[in-house]
Structure formats: structure tokens, C-alpha cells
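Beneath this line is the structure, given in C-alpha cells, with notes to follow.
No lab work stands behind these numbers, since they all come straight from the coordinates. As the structure is a prediction and not an experimental result, all values here were calculated from the model. Reconstructed Cβ throughout: ideal geometry from the backbone, glycine too, with neighbour counts over all protein chains shown.
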Amino acid sequence: MVDTKMIKIYVDTNVYLDYLKNRSNKFGKPLGEDAWRVFARVLNGKFQLVVSSFVLEELYRQIEPTESALLFEIMKENVIPAIYSSEEKMRAKTLNPDHWQDALHAIIANREKVDYLVTQNFVDYIPYSALVNTVRPKEI
């Protein structure tokens, strides 16, 4: 029998911004295309996307909610909302007091039992490799 389990992913805020702002890396390579390929696979039912309230908080500090409304609307059938707790935030601050945000993303992704956390900031997640498998958008 073929395993038809859908891959469950958690996408770091930077990947949303890469797509929505059509950002490029320091060498001028566009990052939005790789980000869009990830979101297109959510849209096409290849991935389930966990969207945490923390991702939305970070995202909406940098863009207006209307700028991402269409993206979330077209993917809504394959989106799983996830709200973080104050206990998870405290745990993240214990794991990494100076840069607790990535720790919180890893904690939420682990709780939601995602297959992959998708990020451009791969190195930042090395300390949390016991919690989550991390890949870049172009690798998934």
C-alpha cells in the first residue's frame, strides 16, 4: 500500500517575507521564487502548512495584514493554525535568552509534529536540531 501521508511543514517568517516582498539574498539571487514553490505545494495539497500565531505576530510587524491576505486565503484548505502558550515562550527564552524567537518557532513546530521547518536561516536552527528537521525552501 502506498503511503499517502501529506507532508506537514512549518514555514519561518523570513520565507513569507521573501515571497511577499520579493526579496533577494546578498548575492542578488531572488528568494521569492523558491518561497512561492513551497506555498504552491501547499495550495496544490502536497503540504499541510502549520501557521503559528507567533509567525503572524512577526510578519505583521513588517507588513500590513492585507499584504498577505490573498496568500493565506488561497492556501486555507491546507493550513493548520497553531497558537503558542506563555509556557512555550518562557521555555524558548530559557533555551536561548538572546535569540529566543527561533527557539519558539522550533518548539511550536515540534509540538505540531511537523516533518520540516522551512527557513532561509538554516544555521540559526542548528541548536534545535533535536526538536525539528530544518530545510531551505529550495531543498523541499
request  = Between THR66, THR13, THR119, find the one with the highest GNM mean-square fluctuation for the chain; connect C-alpha pairs within less than 10 Å.
outcome  = THR66
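Restricting to DSSP loop positions (anything but H, G, I, E, B) with no more than 10 other Cβ atoms inside 10 Å of their own Cβ, which trypsin sites (Lys or Arg not before Pro) remain in segment 1-88? Intermediate values should be presented prior to the final figure.
Details: sites: LYS5, LYS8, LYS21, ARG23, LYS26, ARG37, ARG41, LYS46, ARG61, LYS76; in loops: LYS5, LYS21, ARG23, LYS26, LYS46, ARG61.
Of the trypsin sites (Lys or Arg not before Pro), the ones in loops of segment 1-88 whose Cβ has at most 10 other Cβ atoms within 10 Å are LYS5, LYS26, ARG61.
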key: For the chain: span of alpha carbons on each principal axis (Å, largest first)   = 45, 37, 29
query = Near LYS5, which lysines are there with a Cα under 20 Å away, not counting those fewer than 8 places off in the same chain?
reply = LYS46, LYS76, LYS113
inquiry  = Report the Cα centroid-to-centroid distance between segment 63-82 and segment 1-62 in angstrom, as an integer.
reply    = 11 Å
task = At 7 Å along the Cα-to-beta-carbon direction for both SER53 and LYS21, put a label point, then send me their distance in nm to one decimal.
result = 2.5 nm
task = Quick one: work out the % antiparallel among DSSP beta bridges in segment 9-140, nearest 5.
result = 10 percent
query = Which lysines does LYS26 reach when only Cα atoms under 26 Å apart count, and residues fewer than 8 places away in its own chain are ignored?
reply = LYS138
inquiry  = Taking the beta-carbon count within 10 Å as an exposure proxy, list MET75, MET90 from fewest neighbours to most.
reply    = MET90, MET75
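Restricting to DSSP loop positions (anything but H, G, I, E, B) with no more than 10 other Cβ atoms inside 10 Å of their own Cβ, which trypsin sites (Lys or Arg not before Pro) remain in segment 92-140? Walk me through the intermediate numbers first.
Details: sites: LYS93, ARG111, LYS113, LYS138; in loops: LYS113.
Qualifying residues, ordered by number: LYS113.
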